[in-house]
Every structure is written in C-alpha cells, then in structure tokens.
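Below is one structure, written out as structure tokens, with a few remarks after it.
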Amino acid sequence: MADSLLISTHVKYIQSLDKRTDELEYWLTEHLRLNGLYWGLTALDLMNNIDALPREEIINYVKSLQHENGGFGGHTGHDPHMLYTLSAIQVMVTLDAVDMLDTDKIVSYVASMQMEDGSFKGDEWGEVDSRFVYIGLMALKLLKRMDAINVDKAVEWVLKCQNYDGGFGNTPGAESHSGQVCCCVGALALTNSLHLIDQDMLGWWLCERQLKNGGLNGRPEKLEDVCYSWWVSSALAIIGRLHWINKEKLSQFILSAQDPEDGGISDRPGNMVDVYHTCFGVAGLSLLGYPGLKKVNPIYCMPEHVIARVGL
C-alpha cells in the first residue's frame, strides 16, 4: 500500500486510457468518453502535468461532439446531454479554448433544458434531477450567461430537495445522498444562496459520512468510496466546515486505494481502478491540502488557477 501519491504512475495511467482498444471496458464506456477526458485532464492539471495529453487533439475532438442544437454528445454518434455539455465546457475552459466553441448555441441548449418549476432535465427525454440544476448553473456561470435562465426558480426548486436531516435528494422527497448534496450545495453557492439553508445541520449530516477507516460514504449504513472524498468534502468546504472530518485519515484512505504498479485510484483498496475515481481521489487530496498538488475549486471541481483566470 502506497503512503504517498504516485503522481508519475497516475500520469502514465491516464495517458494509456485511449490506447486500450483491445479491452472490453474501453467499448462499454464509450458513452463516457467526454466525461473521462474531463476527469483525466482535471487530475493531470492538479498533478502539474496538464501537457501529458495533446492539447490540439483534445480541442478538435471536443468541437466535433457539438450537435446542431448546441449540446454535446459523450462520444462520436452519441446524443447530446447536459452531463456531456458541462464536461465539454470544463475541458475547453481548462485549456483556455472556450472561444473556439459556439457558445451562443450552448447557452440556448442549456436554457432550453430548464422546466417551468425551475428544475432542469438532462436531455430531450425529460429526466429531472438535482444534478442537472447544478450542471446548468455551472455551465452558464463558466460562460458568464446566467441571465439566460430563471435563477430564482432554480434556487426555489433546489431548496425543495432538502430533507429534514439536512441533506438533499435528487428530487423533492427523495432520500438524502452525498452526491446530490454536493450538487445542491454547489448550485446554491453558484447563486449566492447558501444563507437559505441550515449549514450546521447539513454539516453534521455530511461529517457523519466518515467511517472508522477514514473513508466517506454516500448514505448511512453504506460502504466507503473514494469518490465521496470529493462529493462530501467539497460540500463541507463550500459551507466552511471541512475541519469537521478527520482530514489525515481521509487522505490515508484515498492513498490506500492507489494501484502502485499500473497507476490509477479505485473506489476502495483492492478494487479495479478507473479515471473517475482517480480524478475525484486526486481532487479530494487537493482539497485536503495534500502537498505538491495545485489547489482545486470546491464549487467547480476545476483547478483554482483556471477559475481565477476566467474571473470567477
């Protein structure tokens, strides 16, 4: 078990991801190709290795995924969705190339996903989820076009997703979950609306997600998972209560989930690694102040220097 972050090994792992075409997993995750690019690029930037991937190839690939309606698909030939559209924006903003996109079309697409009650659907088929409110708000914030939607209605809907325990669900009345908490807290932060919630109650629900081994879970009575090192910690950081958990034990848990031979980070020690958990493990360590990493922004899950560069 590694007791330090194996940066060079993780860089090689991320570089290898687009070359594993003989593996079944490569094809089963085709719909996540654009998300994977965001996860990999973000981890690389935080580890001071953003040049490990070819900038021009990435830009041309992202541009090729934009549909006529302004949204982005997860890969060539895939339908547009809010999830992929945000990843496209995040990648291009990180690479300082967002001006190479048709941003007017993106804004129109994102705005078209907002429903009358303030919620957002993920795509034309109509699934509504608190994640999509967060995604819509962040996408437009990064493009500096929050004027395109009804922000007050979006905030009103997010507040309906909060439960008696302080947490948030994916829709009003749904069970509290760390992923949804992160999205709802992020949405409220993007709209300067954090004063509308009881932050102490929320902070208590979040800090109770830490288990004896230092890891964090998504709901009571569930196993720990490295990805919650981001979802829980970022929400705590946004409301100024990251010190309510044991940072050292959480850092040790994340480091224990590394693959010391081939690189990458898994959901928990001994399992298969993937770029999703690698990104959120590295981002979690950055948020915890791990030495040698760039600082991550807890609202955007992007390097702080990128957010500062665009003036947010």
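The values are calculated or read from the model by the stated rules, or taken from the named source; none is laboratory data. Predicted, not measured: the structure shown is a model, and the values here were computed from it. Methodologically, a virtual Cβ is constructed for each residue, glycine included, from the backbone with ideal geometry; neighbour enumeration extends over all protein chains shown. In case anyone asks, the SASA skips ligands and DNA or RNA and just uses the protein heavy atoms, side chains included. Shrake-Rupley method; radii C 1.70, N 1.55, O 1.52, S 1.80 Å.
Choose one of A2, M82, T103: the residue whose Cα lies farthest towards the positive end of the charge dipole of region 1-119 (beta-carbon charges +1 Lys, Arg; -1 Asp, Glu; about the Cα centre).
Value: A2.
Exceeding 21 Å between C-alpha atoms, which entries from my cross-link table qualify? They are K222/K249; K144/K294; K141/K247; K12/K249; K105/K144. Walk me through the numbers on the way to the answer.
On the way: K222/K249 18 Å; K144/K294 24 Å; K141/K247 30 Å; K12/K249 27 Å; K105/K144 14 Å.
Beyond 21 Å between Cα atoms: K144/K294; K141/K247; K12/K249.
Taking 22 Å as R0, compute the FRET efficiency from the Cβ-Cβ separation of N60 and S108 and round it to 0.05.
Working from the Cβ atoms, E equals 0.45.
Once you have the Kirkwood Rh of region 18-133 from its Cα pairs, apply Stokes-Einstein at 25 °C and 0.890 mPa s and quote D in µm²/s.
Rounded to a whole number, D works out at 165 µm²/s.
Report Rg (one decimal) and Dmax (nearest whole number) for region 22-81, counting Cα atoms only, units Å.
12.6, 35
Would you work out which of Q180, N246, V155 lies farthest towards the positive end of the dipole of the chain, given +1 charges on the beta-carbon of Lys and Arg and -1 on that of Asp and Glu, about the Cα centre?
N246
Looking at region 110-158, which chymotrypsin sites (Phe, Trp or Tyr not before Pro) are in a loop (DSSP not H, G, I, E or B) and have at most 10 other Cβ atoms within 10 Å? Walk me through the intermediate numbers first.
Working: sites: F120, W125, F132, Y134, W157; in loops: W125.
Answer in residue order: W125.
Can you sort Y13, Y61 by solvent-accessible area, 1.4 Å probe, largest first?
Listed by decreasing accessible area, they come as Y61, Y13.
Quick check of the Kirkwood formula: for region 120-204, what is the inverse mean of 1/r over all pairs of different Cα atoms, in Å?
Kirkwood radius, region 120-204: 12.8 Å.
I'd like the accessible area for V158: 1.4 Å probe, protein heavy atoms, all chains in place, Å² to the nearest 10.
Roll a 1.4 Å probe over it and V158 shows about 0 Å².
Taking N as the number of residues in region 171-247, what is its alpha-carbon radius of gyration divided by 2.2 N^0.38 Å?
In units of the globular-protein estimate, region 171-247 measures up at 1.03.
Loop only per DSSP, at most 11 neighbouring Cβ atoms within 10 Å: give me the GluC sites (Glu not before Pro) in region 1-72, ordered by residue number.
Qualifying residues, ordered by number: E23, E68.
In whole angstrom, note down how far apart the Cα centers of region 61-101 and region 279-309 are.
Between the Cα centres of region 61-101 and region 279-309 lies a distance of 22 Å.
Need one number: nm distance between label points at M201 and A97, each 7 Å from Cα along Cα→Cβ, rounded to one decimal.
It is 4.6 nm.
Could you give the nm distance between label points at E248 and T171, where each point is 7 Å from its Cα heading toward the beta carbon?
4.6 nm
³J(HN,Hα) across region 153-169 via Karplus (A = 6.51, B = -1.76, C = 1.60, θ = phi - 60°), whole Hz, x for Gly/Pro?
5, 4, 4, 4, 5, 4, 4, 5, 7, 7, 9, 4, 7, x, x, 10, x
Any idea of the accessible area per residue across the chain, 1.4 Å probe, to the nearest Å²?
43 Å²
If we sort 99-112, 272-285 on the protection proxy, mean other Cβ atoms within 10 Å, highest first, what's the order?
With the highest mean Cβ count within 10 Å placed first, the list reads 272-285, 99-112.
Please work out the FRET efficiency for the pair L194 and D18, using the Cβ-Cβ distance as r and a Förster radius of 35 Å; give the result to the nearest 0.05.
Calculated value: 0.35.
Rg and Dmax of the chain over Cα atoms: what are they, in angstrom?
According to the Cα coordinates of the chain, Rg and Dmax are 18.4, 51 Å.
Which Cα, out of S16, W230, L312, lies furthest along the positive dipole direction of the chain (beta carbon charges, K/R +1, D/E -1)?
Looking along the dipole axis, the top candidate is L312.
Which value, in debye to the nearest 20, describes the size of the charge dipole of the chain about its Cα centre when Lys and Arg Cβ atoms bear +1, Asp and Glu Cβ atoms bear -1, and nothing else is charged? Let's see the in-between values first.
Details: 25 positive and 40 negative charges, 159 e Å.
I would put it at about 760 debye.
With a 1.4 Å probe and all protein chains kept in place, how do H31, H243 rank by accessible area, largest first?
So, going from the largest accessible area down, we get H243, H31.
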